[in-house]
1. Could we say that residue 234 is modelled with pLDDT of 85 or more and on the phi < 0 side of the Ramachandran plot here?
2. Pick from region 373-388 the residues that are over 23 Å from residue 103 (Cβ atoms) and not in a loop (DSSP other than H, G, I, E, B): which of them is nearest to the chain's Cα centre (by Cα)?
3. Can you tell me which condition residue 427 does not meet? The list is (1) surrounded by 14 or more Cβ atoms within 10 Å (Cβ to Cβ); (2) farther than 30 Å from residue 91 by Cα, and all the others hold.
4. Identify all residues within region 60-101 that are part of a helix (DSSP H, G or I) and more than 18 Å from the chain's Cα centre (by Cα); write none if there are none.
5. For residue 415, are the conditions met, namely being at positive phi and in the same structural domain as residue 3 (by TED's automatic domain parsing)?
6. Residue 342 fails exactly one of the following numbered conditions: (1) at pLDDT below 90; (2) over 18 Å from the mean Cα position of the chain (by Cα); (3) under 24 Å from residue 4 (Cα atoms). What is the number of that condition?
7. Can you list the strands (runs of 3 or more DSSP E) lying wholly within region 289-364 that have 2 or more residues being crowded, with 19+ Cβ neighbours inside 10 Å and touching a strand residue (DSSP E or B) at 6+ places or on another chain (Cβ under 8 Å)?
8. What tally of residues in region 184-199 results from selecting those that are surrounded by fewer than 13 Cβ atoms within 10 Å (Cβ to Cβ) and in contact (Cβ under 8 Å) with a residue 24 or more places away in the chain?
């Protein structure tokens, strides 16, 4: 689980901003807290409110950047993706710093790094305990130091120590050490890197980031069409949300007649051929529809996802293309796998603009389902939104409500409702928010300039 995240000098964040999921003093809604490690409590949800261009998406991009650099790294000879606060000459010369406090493998870790376009200036991983902290590794590129003494103690054999030392020295300046560990076959040479494995696994399997136009787990959706148990789950949720859709089905189509450009066809074939599995498949969104594609005997085979609707005048059903469904229904197809993953546990979802194409009542129900069926489960749902109806203490605790603001200098900052304002537990927050009381709503300049402009049109 994510307990804390901080970012400094990234896009609209000039100074260090800290996002904490450690619970406040409130005692209401105890089911909104989890204790994955004894003595370490963490909130299961957080909602970030703010005006357009206030910095909410930048907050999500900051979390995503760390994951991207850990998992994908930086290609040889490429500069690192560096996006400092550009409205300050001083900040353009400073490093960006990103820090995660995570709970995984029954331990609490702090993982962070500072960087610019040319190099990873520093990187560290620490385990935090009740008695203090100990460094698992720490690198400082400017000082040409790399402390892996803890890892060497865990792996005292000479050949293991030599390999670790070589790996540390050989880590490129523009690459995270954690990425090097992940991308190299280190387990054949080193026996004990459990701490590194735990943190890498958290980035790979636990941290999930969804932007408004990002489909989530389309492969799972397509698998549901052929798996009876999964299909039943999808059907139940689609009916529960009253979409008019009774289920999903796959029908075979001729891939070459879909109108897919030749270069894209070649890329798809190349990707599928690289898989070691005999039943390699992928999901393809094209022309507002969704296809399951696989490679059989050198030829691409395709199946089209169809939605099932009951006819009102007979027992038979009618099949619709996904493109025939409303934007809200199509967005639900992204959220249903998310809901199923949240309930199973072990996931941290960061969703940007969760309200996109969905009715406010439906979003509330998704949140309610999460809380109702994830009791005792270590999952988190963190999202940004414009939807003011969600700023409601019947839905969230005060310490789960966050406000994103941007000042006249273009600097974004965020804070938690329980730390910024002294509000009663029963106060209706929505009206106060819309009236600008909390400062995270759009503001407008005087109409003098536009009045002159519009007058010139007459």
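1. On the way: modelled with pLDDT of 85 or more: no; on the phi < 0 side of the Ramachandran plot: yes.
Criteria not met by residue 234.
2. First, the residues of region 373-388 that are over 23 Å from residue 103 (Cβ atoms): 385-388.
Still in the list and also not in a loop (DSSP other than H, G, I, E, B): 385, 388.
Working: 385: 14, 388: 22 Å.
Once the filter is applied, the top-ranked residue is 385.
3. Going through the list (1) surrounded by 14 or more Cβ atoms within 10 Å (Cβ to Cβ); (2) farther than 30 Å from residue 91 by Cα, residue 427 breaks only (1).
4. We begin by selecting, within region 60-101, every residue part of a helix (DSSP H, G or I); these are 60-71, 89-92.
If the condition is that a residue be part of a helix (DSSP H, G or I) and more than 18 Å from the chain's Cα centre (by Cα), then 89, 90, 91, 92 are the ones that fit.
5. Details: at positive phi: no; in the same structural domain as residue 3 (by TED's automatic domain parsing): yes.
Against the criterion (at positive phi and in the same structural domain as residue 3 (by TED's automatic domain parsing)), residue 415 does not qualify.
6. Failed condition: (2).
7. Values: elements: 289-296, 299-310, 317-321, 348-351.
Answer list for region 289-364: 289-296, 299-310, 348-351.
8. Filtering region 184-199 down to residues surrounded by fewer than 13 Cβ atoms within 10 Å (Cβ to Cβ) leaves 185, 187-188, 191, 194.
Subset that is in contact (Cβ under 8 Å) with a residue 24 or more places away in the chain: 191, 194.
Residues meeting the conditions: 2.
The values are calculated or read from the model by the stated rules, or taken from the named source; none is laboratory data. Since we're looking at a predicted model, the values are computed, not measured. Quick reminder, even Gly has a Cβ in these numbers, built from the backbone with ideal geometry, and neighbours come from all protein chains shown.
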